[in-house]
């Protein structure tokens, strides 16, 4: 060694400085990512939280003869401009169904128009001076107030911001995901079991493996085009239905589940298989009773993450017609439906200012569900994970 | 090994069978299916919601596919899987109707519901401006007729500021947020502004010229008109091109430029004075009227005075009502279920 002590210590200092620099740079990157996340969350919370409150107004409903034709006539003339049209248009329908209402009066809290709501929340609104004065007066009397927005969770989409909700999209998402899971989970797990436990290692299976890995990275819109061509045009599955959406997303989720399952199966030590074969188990028994149960936590985690990914997907669903206007909540697999991210997309394009908070509110609900799903995946892994 | 293979094959077959089973269920339906223009979509979806709420029928399904895409789906044929109504922000073309008839869709009623204006607007912090169609064309075209020694030639658009086009215009950079080429608003803009002007002025040989400049002065702002509105409130020097309903929704934030001295407002557009306006339509497949019982109830509700009249609800959303006489004609056509002929176009 011809290096002197000084040279070596200088080199050491340089190396330490480098590693310190690397540490700071990577911490900076993390901090930056954290800042973006914080910014995004605070922006969404700031815009979205008001969506969970909605203005209600107390009115006297006079079921007179005019009201049977035109709902607006049941209300005081000035007040009727401040009440949601979704309420007014139901008055004639109610009077038709319950003829004994004619001539009676009733005082009730009803949904206020979105402009009143926006005015109370201090956002931009289109009320004129007289209407503003009236709302101020009603507020002083306690006849108009912001309440928890149950409508948002109990109705479907509406053209009137005050009456629009996410229930139909949430139900659509649940049904679509059920179809996705019902198709992708068994097929994906079975494929992985075959490839990992039964298939010989030859050119053919290697080609399949490469293709599966490639499929996982394909832009999702291509699966939409595939779904349109095969499921809708060839098999004639109803357009816009959760069935066709679920089948399309299943195509997308399949590779994710296959890859996760194979990794989970591979992590089960061969000693277990050998021991089972040693006591005379058949391959089927080895897989069913030993390998699959041990790999299950990993399979579940992978499937949940694949499902969460599919849940946030809109691009393939536009192609199969699931980005549609769906006010009714329907739990049928073959009727038209929409999903949460598609609902957010639809609201983002509406001209009314009040839809801004609905959009952000919808994003918050979607985020909450995704965080819940991912947390479940983490908990499953933590709880059942085994180290060998 | 054999057993596991059989069980897998069985599952796959079962799923395929289930899928085909669902697909073959065919019966008359109660739910109307509508496709078509994204411009008509906000109005049509308002009517569908109302229809679903006040009748015993389910809410019609409505998809925003664009006018051309909608008519293509509509003309695919008659029967269960095809739409009953197609919305359009332009009239159906003769070629499209011929394709319809070839595919057996022979009985189509045309329903005109109102007009829509395209506005050229800016942030309300600016002074209002008055543009001619030609000035607007010169600001967005890729090539314009040259001046001086380049007289008679087409040159790359040299105008960087509005005052370069005409000294009376403000001395601001030309910066225009507009719809991308997939949008119906862009189609209408190209037809009503670009083609109309280039056919009139020298240098284009009397042909419609629709190339929009790509040097950064015209900015594709995406299909979402809300984004354009947002950008205009931030970038106060810029102008934007979008549908009239977005101007109605942002009365304090935006002002529209007058075009050829006409203000962009409901009456001028309705009367046809405002030059960048188009009619909105929908097309009804009469052959479905028996299989889909609510079809004409929906159409009747749409053309009622409550919806498309002067004080109608769709007016609040930015639909510009037809003059009274034309509204009557529309209702008459609906009552007679008048079939559209290729010769009418």
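The values are calculated or read from the model by the stated rules, or taken from the named source; none is laboratory data. All values reported here derive from a predicted model rather than from experimental measurement. Methodologically, a virtual Cβ is constructed for each residue, glycine included, from the backbone with ideal geometry; neighbour enumeration extends over all protein chains shown.
Within the option set A:74, A:68, being within 14 Å of another protein chain (Cβ to nearest Cβ) and in contact (Cβ under 8 Å) with a residue 12 or more places away in the chain holds for one residue only, A:68. On the basis of being within 13 Å of chain B (Cβ to nearest Cβ), modelled with pLDDT under 95 and closer than 30 Å to residue A:83 by Cβ, does residue A:150 make the cut? No, not satisfied.
Is it true that residue B:71 is in contact with a helix residue (DSSP H, G or I) (Cβ under 7 Å, 6 or more places away or on another chain), outside any strand (DSSP E or B) and either under 30 Å from residue B:29 (Cβ atoms) or outside the structural domain of residue B:316 (by TED's automatic domain parsing) (or both)? Yes; evaluated as a whole, the condition is true for this residue. Taking the conditions exactly as written (surrounded by fewer than 22 Cβ atoms within 10 Å (Cβ to Cβ), more than 14 Å from chain A (Cβ to nearest Cβ) and out of contact with any strand residue (DSSP E or B) (no Cβ under 6 Å at 6 or more places or on another chain)), does residue B:192 satisfy them or not? For residue B:192, the condition - surrounded by fewer than 22 Cβ atoms within 10 Å (Cβ to Cβ), more than 14 Å from chain A (Cβ to nearest Cβ) and out of contact with any strand residue (DSSP E or B) (no Cβ under 6 Å at 6 or more places or on another chain) - is met.
Which of the following residues is in the same structural domain as residue A:178 (by TED's automatic domain parsing) and closer than 30 Å to residue B:34 by Cβ: A:276, A:342, A:308?
Only one candidate qualifies: A:342.
Would you call residue A:373 in the same structural domain as residue A:224 (by TED's automatic domain parsing), under 30 Å from residue A:296 (Cα atoms), in contact with a helix residue (DSSP H, G or I) (Cβ under 7 Å, 6 or more places away or on another chain) and not in a loop (DSSP other than H, G, I, E, B)? In short, yes. Might you let me know whether segment A:188-195 holds any residue that is more than 26 Å from residue A:55 (Cβ to Cβ) and away from chain B (no Cβ under 14 Å)? No, that holds for no residue. Yes or no: segment B:335-342 includes at least one residue that is surrounded by 15 or more Cβ atoms within 10 Å (Cβ to Cβ) and outside the structural domain of residue B:243 (by TED's automatic domain parsing). Scanning segment B:335-342, I find at least one residue that is surrounded by 15 or more Cβ atoms within 10 Å (Cβ to Cβ) and outside the structural domain of residue B:243 (by TED's automatic domain parsing), so the answer is yes. For segment A:325-345, the candidate set comprises residues that are over 22 Å from residue A:360 (Cβ atoms) and buried (at least 23 other Cβ atoms within 10 Å of the Cβ); within that set, the residue that is farthest from the other protein chains (Cβ to nearest Cβ) is A:337.
Condition check ((1) over 30 Å from the mean Cα position of the chain (by Cα); (2) farther than 19 Å from residue A:335 by Cα; (3) in the same structural domain as residue A:306 (by TED's automatic domain parsing); (4) crowded, with 23+ Cβ neighbours inside 10 Å) across all residues:
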| site | (1), (2), (3), (4) |
| --- | --- |
| A:212 | no, yes, yes, no |
| A:219 | no, yes, yes, no |
| A:243 | no, no, yes, yes |
| A:249 | no, no, yes, yes |
| A:257 | no, yes, yes, yes |
| A:268 | yes, yes, yes, no |
| A:280 | yes, yes, yes, no |
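With the structure loaded, tell me whether residue A:299 is closer than 26 Å to residue A:215 by Cα, within 14 Å of chain B (Cβ to nearest Cβ) and surrounded by 15 or more Cβ atoms within 10 Å (Cβ to Cβ) or whether it fails that test. Answer is no for this residue. Residue B:149 falls short on exactly one of the conditions (1) away from chain A (no Cβ under 14 Å); (2) over 30 Å from residue A:334 (Cβ atoms); (3) touching a strand residue (DSSP E or B) at 6+ places or on another chain (Cβ under 9 Å), and that condition is (3). Against the conditions (1) surrounded by fewer than 23 Cβ atoms within 10 Å (Cβ to Cβ); (2) at pLDDT below 90; (3) under 18 Å from the mean Cα position of the chain (by Cα), residue B:64 satisfies every one except (1). The requirement of being closer than 29 Å to residue B:229 by Cβ, more than 13 Å from chain B (Cβ to nearest Cβ) and more than 16 Å from the chain's Cα centre (by Cα) is satisfied by residue A:357. Examine segment B:22-36 for a residue that is modelled with pLDDT under 85 and at the interface with chain A (Cβ under 7 Å from one of its Cβ atoms), and state whether such a residue exists. So far as segment B:22-36 goes, yes, one or more of its residues are modelled with pLDDT under 85 and at the interface with chain A (Cβ under 7 Å from one of its Cβ atoms). A residue that is within 14 Å of chain B (Cβ to nearest Cβ) and within 28 Å of residue A:378 (Cα to Cα) occurs nowhere in segment A:223-240. Please verify whether segment B:263-283 includes one or more residues that are modelled with pLDDT of 90 or more, more than 14 Å from chain A (Cβ to nearest Cβ) and more than 29 Å from residue B:68 (Cα to Cα). Yes; the residues of segment B:263-283 include at least one that is modelled with pLDDT of 90 or more, more than 14 Å from chain A (Cβ to nearest Cβ) and more than 29 Å from residue B:68 (Cα to Cα). Does residue A:95 meet the test of being assigned to a helix (DSSP H, G or I), surrounded by fewer than 17 Cβ atoms within 10 Å (Cβ to Cβ) and either touching a strand residue (DSSP E or B) at 6+ places or on another chain (Cβ under 9 Å) or not assigned by TED's automatic domain parsing to the domain that holds residue A:363 (or both)? Judged against the criteria, residue A:95 is not a match.
For residue B:257, the criteria (1) out of contact with any strand residue (DSSP E or B) (no Cβ under 6 Å at 6 or more places or on another chain); (2) surrounded by fewer than 23 Cβ atoms within 10 Å (Cβ to Cβ) hold in every case but one, which is (1).
Residue B:273 falls short on exactly one of the conditions (1) crowded, with 17+ Cβ neighbours inside 10 Å; (2) within 21 Å of the chain's Cα centre (by Cα), and that condition is (1). Does segment B:60-81 hold any residues that are within 10 Å of chain A (Cβ to nearest Cβ) and touching a strand residue (DSSP E or B) at 6+ places or on another chain (Cβ under 8 Å), and which are they? Matches in segment B:60-81: B:60, B:61, B:62, B:63, B:64, B:65, B:73. In segment B:185-195 there is no residue matching the filter, namely being modelled with pLDDT under 90 and in contact with a helix residue (DSSP H, G or I) (Cβ under 7 Å, 6 or more places away or on another chain).
Only one entry in B:36, B:52, B:114 is in contact with a helix residue (DSSP H, G or I) (Cβ under 6 Å, 6 or more places away or on another chain) and within 23 Å of residue B:293 (Cα to Cα), namely B:36. Here residue B:247 clears all of (1) within 14 Å of another protein chain (Cβ to nearest Cβ); (2) under 15 Å from residue B:183 (Cα atoms) except the condition numbered (2). Considering the conditions (1) surrounded by 16 or more Cβ atoms within 10 Å (Cβ to Cβ); (2) part of a loop (DSSP other than H, G, I, E, B); (3) in contact (Cβ under 8 Å) with a residue 60 or more places away in the chain; (4) more than 16 Å from the chain's Cα centre (by Cα), residue A:351 is excluded by exactly one of them, (3). Scanning segment A:77-94 for residues that are away from chain B (no Cβ under 12 Å) and more than 14 Å from residue A:113 (Cβ to Cβ) yields a single hit, A:77.
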